[in-house]
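In what follows, a single structure is set out as structure tokens and then discussed.
The values are calculated or read from the model by the stated rules, or taken from the named source; none is laboratory data. Just so we're clear, the structure is a prediction, and the values are computed from it rather than from any experiment. Heads up, the Cβs are rebuilt from the backbone with ideal geometry, glycines too, and the neighbour counts pull from every protein chain shown. Remember, those area values only see protein heavy atoms, side chains included, never the ligands or the DNA or RNA. Shrake-Rupley method; radii C 1.70, N 1.55, O 1.52, S 1.80 Å.
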Amino acid sequence: MKQEVAKATLGVVLIIGLSLLFMWKFQGREDVISVIAMAFLFASVAFAWNIHALSGVVSLGHAAFFGLGAYGSALFAYYFKVGSWIILLVGGTIALGCAVVWHLFFEQLRGGAYTLATFAAAEIVRVVVDNWDSLTMGSSGLTNIVVLFSGTSEFYLVTMVLVIIAFLIHWAALKTCWGLQLRTVREDELAAYAIGVNPPRVRMVSLFVSAFITGLCGAIFVHRVTYLEPSMVFNLHISAMPLVFSFLGGRFTTMGPLIGAFLLYSVDQILLSPFLPSTHQAVYGFAIVITVSFMPNGICAWLARIPQNASG
Amino acid sequence: MEQFVQLFIQSFSLGSFYTLLALGFALVFSVTHILNLAHGELIILAGYVAYVLEQKLSMGLWETLPIAIAISVVSLMVVVSFVLHQRRLSELHSLIITFGIALILQNCYLGTFSANYRIIFHKSRYFSLLGGHVFISSVQLYLITLSLGAIGGLYILFRKTFIGKALRATIQDRFAAQMAGIPIPRMQLLGMVLGGIAIGIAGPLYARVSYLHPAAGIEPTIEAIILTLFAGMGRIRILLAGGWLLGVAETTTAYFLGSQWREFVSAMVLVVILIFREARGRENSV
């Protein structure tokens with residue numbers, strides 16, 4: 001345990017060090033800094049997604065949490081004329097509310113059925129937000145949303161803090177006692193019951209934590225881009241991204257989702273999107289197919305040649 | 001009264017078409033146990049092929065159908081055999097991989113056909129029924145005849161031929177079928193070919209009743225999943241009944257609430273079916 005804590009501290013120091021290094025290195029290059037900040041943001045979503053996935057189920061509907069966080073926070077700021085950091089927490093809380101509904105209805109589902117249900121659930125949320133014109137302005141979208149970050153570098157530092165928090169929670173979901181509980185639940189539920197772990201409870205906590213962080217990320221995202229329409233946040237791509245990052249980086253490693261996000265998102269944005277403006281997102285599809293077929297435990301595990309353990 | 005007959009005709013034609021949409025998914029799922037999330041994208045592919053052939057090269061529906069079918073059969077075989085050759089194959093794995101394939105296909109469509117909404121413009125002729133108050137359009141007639149034709153053909157193949165019996169045996173119990181000397185890989189190939197034919201017929205029709213755009217595939221995929229889960233494996237008549245029910249549900253919602261709620265209904269039905277299936281499964285196992 002002591003060793004793991006030391007590793008986590010090393011990880012945090014590494015993240016801070018590298019991100020400050022990038023900030024210094026790319027001084028004046030707002031575009032690069034902004035891409036890295038977005039990579040941090042989506043890495044936090046990936047960490048959040050993986051915290052839920054570690055309990056043994058795969059969600060294809062995290063766009064619902066992300067979008068509800070974004071919409072909740074933007075609409076709260078709009079209707080109540082609030083412009084402080086509190087509205088970020090509102091976003092997270094609304095996503096958490098959605099997670100409570102998920103938990104109530106999907107608690108019994110496992111495997112493919114759960115994945116399909118989340119896939120459909122995100123679609124349901126999208127249609128409701130899209131058509132509830134009087135509350136959400138529907139498909140015409142919101143513009144002039146309150147800006148919370150005074151500049152790119154402030155946004156960069158906020159996402160850095162966010163990714164560190166997400167990293168620490170994700171680390172806890174792998175290495176602490178809670179992590180062991182999650183592992184038992186995903187590998188053998190009956191055995192988990194037998195040794196006194198309460199699987200529904202463990203699963204619920206992981207879903208709630210995951211939804212809250214995802215909603216928070218959505219809220220931060222929307223106060224950076226300052227405009228919002230349903231198809232921007234409630235699309236398959238947002239649901240797919242955390243899954244791709246986690247699978248690519250390695251689902252059972254503490255740094256995996258961050259490394260996946262960092263590699264894929266920056267390659268996508270900096271190298272591919274200028275040359276292939278409309279098809280560059282296909283790289284996410286290729287990344288899923290290739291990782292799942294050839295290195296099911298992700299880059300980190302593949303590099304470290306960790307013997308296969310703990311299949312989801 | 002006439003309104004309801006009109007609604008009934010609409011639900012009947014759409015419902016039959018939904019069954020046709022689901023047929024390819026259901027066949028692949030029952031023969032190979034793969035949940036193909038790229039199913040809708042393959043239908044959209046056939047739709048785009050038909051769009052190009054009919055709008056740009058001004059070919060008729062009957063000339064495009066064989067080409068669309070050939071392309072669908074080949075692409076479905078490529079997708080399914082790629083997934084089948086995975087080392088660790090579970091339902092969840094097949095979902096994730098086909099989801100990746102769906103993303104790749106969507107972005108390829110975006111690059112090739114742009115994000116514009118496209119539809120095969122079809123000048124409908126209307127035929128009046130019941131003394132001139134109720135109409136049926138030629139598109140609806142196409143939907144009904146082609147869908148019911150394909151479903152009926154498959155039903156006859158399943159029930160009346162020897163190879164259909166072998167296919168049914170494969171669906172019901174793969175290992176027992178193997179014991180009886182049925183070559184499973186060949187049956188899986190047959191399932192893919194039949195599924196590809198269904199997709200190839202569905203695509204050109206889809207391009208007539210609904211707009212094609214790169215992300216359009218999600219809707220037929222959800223409908224196919226709903227009907228397949230509702231009917232279970234290899235039961236064509238229940239699949240058809242489910243298609244009609246879904247048609248009624250979606251048409252009445254579109255009529256009373258507006259067509260933008262149609263997707264809501266289908267997603268809701270999917271969630272409800274998943275939850276009920278789970279509950280029923282638990283009752284049976286206890």
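Structure above, values below:
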quantity: Label-point separation in nm, B:ARG186 to B:HIS133, each point 7 Å along Cα→Cβ; calculated: 5.8
quantity: Environment charge at B:ILE67 (Cβ cut-off 15 Å; Lys +1, Arg +1, Asp -1, Glu -1); calculated: -1
quantity: Under 5 Å, built H, 5+ apart or other chain: amide partners of B:LEU212; calculated: B:ARG118, B:ILE119
quantity: In range of the label at B:LEU84: residues from segment B:181-195 whose backbone nitrogen is under 15 Å from the point 7 Å along Cα→Cβ; calculated: B:182-195
quantity: Percent carbon-and-sulfur accessible area, segment B:181-286, ignoring ligands, DNA and RNA, probe 1.4 Å; calculated: 65
quantity: Chain B: relative contact order in percent, alpha carbon pairs under 8 Å with at least 6 residues between; calculated: 39
quantity: Segment B:1-158 - percent of accessible surface contributed by carbon and sulfur, probe 1.4 Å; calculated: 68
quantity: Label-point separation in nm, B:PHE4 to A:GLN3, each point 7 Å along Cα→Cβ; calculated: 7.5
quantity: When chain A is reduced to its Cα atoms, the Kirkwood hydrodynamic radius in Å; calculated: 19.7
quantity: Chain A - accessible surface per residue (Å², probe 1.4 Å); calculated: 41
quantity: Segment A:117-212, relative contact order [Cα under 8 Å, separation at least 6], %; calculated: 10
quantity: J(HN,Hα) series, segment A:154-165, from Karplus relation 6.51 cos²θ - 1.76 cosθ + 1.60, nearest Hz, glycine and proline x; calculated: 5, 4, 4, 5, 4, 5, 5, 4, 4, 5, 5, 4
quantity: Amide H partners (placed H, <5 Å) of A:MET255, local residues excluded; calculated: none
quantity: Positive minus negative residues near B:VAL139 (Lys, Arg vs Asp, Glu; Cβ under 12 Å); calculated: +3
quantity: Mean separation of Cα contacts under 8 Å, 6 or more apart, over the residue count of chain A: relative contact order %; calculated: 31
quantity: Complex-versus-alone comparison for segment A:266-286, residues with a loss of 20 Å² or more in accessible area, probe 1.4 Å; calculated: A:SER278, A:THR279, A:GLN281, A:ALA282, A:GLY285, A:PHE286
quantity: Inverse mean reciprocal Cα-Cα distance (Kirkwood Rh) of segment B:105-224, Å; calculated: 17.5
quantity: Two-decimal Rg/Rh across the protein assembly as shown, once Rg and the Kirkwood Rh are taken from alpha-carbon atoms; calculated: 0.98
quantity: Accessible-area composition of segment A:88-132, carbon plus sulfur, in percent [1.4 Å probe]; calculated: 74
quantity: Extended-chain gain in nm, criterion 0.36 nm per residue less alpha-carbon gap, B:ILE238 and B:LYS165; calculated: 24.5 nm
quantity: Segment B:1-132 - Kirkwood radius from inverse mean 1/r over Cα pairs (Å); calculated: 17.2
quantity: Interface B:A - total buried accessible surface [probe 1.4 Å, Å², rounded to 100]; calculated: 3500
quantity: Residue (of A:THR93, B:VAL78, A:PHE155) at the positive-pole extreme of the protein assembly as shown, dipole from beta-carbon charges; calculated: B:VAL78
quantity: Sequence-distant residues sharing a close amide H with B:VAL134 (under 5 Å, placed H); calculated: B:LEU129
quantity: Rg/Rg_globular for chain B, with Rg_globular taken as 2.2 N^0.38 Å and Rg from C-alpha atoms; calculated: 1.00
quantity: Whichever lysines have a C-alpha closer than 30 Å to that of B:LYS123, once near sequence neighbours (fewer than 8 apart) are set aside; calculated: B:LYS56
quantity: From phi via Karplus (6.51, -1.76, 1.60), per-residue ³J(HN,Hα) for segment A:175-186 in Hz, x at Gly/Pro; calculated: 10, 8, 4, 4, x, 5, 4, 4, 5, 4, 4, 6
quantity: Difference of contour (0.36 nm per residue) and Cα-Cα distance, B:GLN172 to B:SER259; calculated: 27.5 nm
quantity: Proximal lysines relative to A:LYS7, as straight alpha-carbon distance under 28 Å, when same-chain residues fewer than 8 apart are discounted; calculated: A:LYS25, A:LYS175
